[in-house]
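The values are calculated or read from the model by the stated rules, or taken from the named source; none is laboratory data. Source: prediction; values computed, not measured. Here the Cβ is made from the backbone with ideal geometry for all residues, glycine too, and neighbour counts use every protein chain on show. Accessible surface areas use protein heavy atoms only, side chains included; no ligands, DNA or RNA. Shrake-Rupley method; radii C 1.70, N 1.55, O 1.52, S 1.80 Å.
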Amino acid sequence: MFDVEAVRRGFPALSRTVGDRPVAYLDGPGGTQVPATVIEAMAGLLRRGASNVHGPFASSVESEQTVAAARRAMADLLGCRPHEVVFGPNMTTLTFAMSRAVARTWRSGDNIVLTRLDHDANVSPWMLAARDVGVEVRFVGFDLETTRLDLAELSGNVDARTRLIAVTHASNALGTVVDVAAVTEIGHRVGALVFVDAVHAAPHRRIDVTAIGCDLLAVSPYKFFGPHAGCLFGRAELLAELPTYKVRPAPDEPPDRWETGTGSFEAMAGVAAAVDHLASLGTGDDRRSRLDDAFVRTARHEEDLAVRFVEGIASIDAVTCYGVPEPDMAARTPTFAIDVAGVAPGRVAELLGVEGIFVWAGDYYAVEVMRWLGRADDGLVRIGFVNYTTREEVDRVVAALARIAGAG
């Protein structure tokens, strides 16, 4: 059983109110709240005092220990080795840095393949890099009814001159989950690198880069109950071989050669605490096994929420839901893009906010998704559930949408 009330007690922000109403944070796809353990890990480091790394004194040694602990935690979360974990200020910055490095291996006549399911952080860095080098960009769309990526179409766009496939693990707009292992297989047949944006997938499903087989994968800890930071997995040999843009005194060995400037040690302490929080939701003999169990438990809870939401809005004629039709957690995350006929998405979000229900409206940087759906002008309303969401909160948003639809 998943005890959502016990989970919620660990999150100070969940006690917030708007007027006399408790806040329902249904904006999780844009960033989750953090538990007290993460707050304390970050504050504790700052209270003790922190110094830069590689110094011959206690506070510097402690910073090195903080970095090492964060790498071990992320390695357990992603199924890789600690020296294959790179930290940065956010996923977007890391992707831009990696795109510049990877593009130096491209030549005129090459091509890269992007998908229209992706967040723009996994689109624009590659488009700009391709423009600078003179490389062709090929886009693969998705089925408008099911919102699933067409692997046959993807395969048809890959050839001997394809150097990279950038793909999302799960759409931050629609919740659609992509078979990234199959995409990786398609890319590796022709020797292309595969870069996976797992930012939206990370709070909802177990990620194993070994099973996926990808070359690079990025996540954002603030999407899985941690601080604002970015984390990148890279195959060890790739991190060692690719050219880097760095200051001359910086280390030449990975992963340090990719971490330009001084890192946020307090954020790294928070990242390790966030992984430990996730692991605390499961049981097992070590952190990896506890994470395995935790994601099984949370998936059941989230699927229950998704089914409840889909069944609830089915009776509201004015509400259209985009995404995988059935609330099947193997095919989607509990993230829903909806439209209320006659009411602008921004207005829907505003009305919900007045009731203490926090959601996003617009394109949420899923630019290609909205263009493909014909919603580029005003986007859609995005409602997302995470493991601290309750059934009561689902019922609240369904009831509020019914009122808004009726008034509209």
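Each Lys and Arg Cβ is given +1 and each Asp and Glu Cβ -1; about its Cα centre, the range 88-193 then shows a dipole of about 480 debye. In the context of the full set of protein chains, residues of the range 1-160 present 46 Å² of accessible surface per residue (probe radius 1.4 Å, heavy atoms only).
As a fraction of the 1.4 Å probe accessible area of the range 107-169, surface on carbon and sulfur atoms comes out at 47 percent.
Restricting to DSSP H runs of at least four residues, report the calculated mean residue ellipticity at 222 nm for the chain, -39500 (n - 2.57) per run over all residues, nearest 500 deg cm²/dmol. Helix-only estimate at 222 nm: -12500 deg cm²/dmol. Summary of packing: across the peptides 107-116, 29-38, 152-161, the per-residue average of other C-beta atoms within 10 Å ranks them, highest first, as 29-38, 107-116, 152-161. Largest to smallest in accessible area, the residues Trp360, Trp126, Trp258 fall in the order Trp360, Trp258, Trp126 (1.4 Å probe, all protein chains included). For the peptides 2-9, 55-62, the ranking by packing is 2-9, 55-62, with the highest mean count of neighbouring Cβ atoms within 10 Å listed first. Charge dipole (Cα centre; +1 on Lys/Arg Cβ, -1 on Asp/Glu Cβ; no other charges) of the chain amounts to roughly 740 debye.
From the alpha carbon centroid of the range 171-198 to that of the range 265-338 is 20 Å. Separation of the range 377-395 and the range 15-30, taken as the distance between their Cα centroids, equals 11 angstrom. Counting alpha carbon pairs within less than 8 Å and at least 6 residues apart, what relative contact order, in whole percent, applies to the range 357-408? It rounds to 34 percent for the range 357-408. Of all DSSP beta bridges confined to the chain, the antiparallel ones make up roughly 55%. For His119, the solvent-accessible surface with a 1.4 Å probe is about 40 Å², rounded to the nearest 10. Surface composition of the range 314-396: carbon and sulfur atoms hold 52% of the protein heavy-atom accessible area at a 1.4 Å probe.
Only one residue of Val137, Val18, Ser59 has its Cα farthest out toward the positive end of the dipole of the chain, where Lys and Arg carry +1 and Asp and Glu -1 on Cβ, and that residue is Ser59. Among [x] 63, 54, 35; [y] 78, 60, 43; [z] 101, 42, 35, which is the computed Cα extents along the principal axes in Å? So the structure-derived entry is [x]. Ligands, DNA and RNA left out, the accessible area of the range 184-292 computed with a 1.4 Å probe is 48% carbon and sulfur.
Heavy-atom accessible surface of Tyr365, to the nearest 10 Å², is about 150 Å², with a 1.4 Å probe and all protein chains retained. When each of the peptides 244-256, 82-94, 40-52 is scored by how many other beta carbons lie within 10 Å of its residues on average, the order from highest to lowest is 82-94, 40-52, 244-256.
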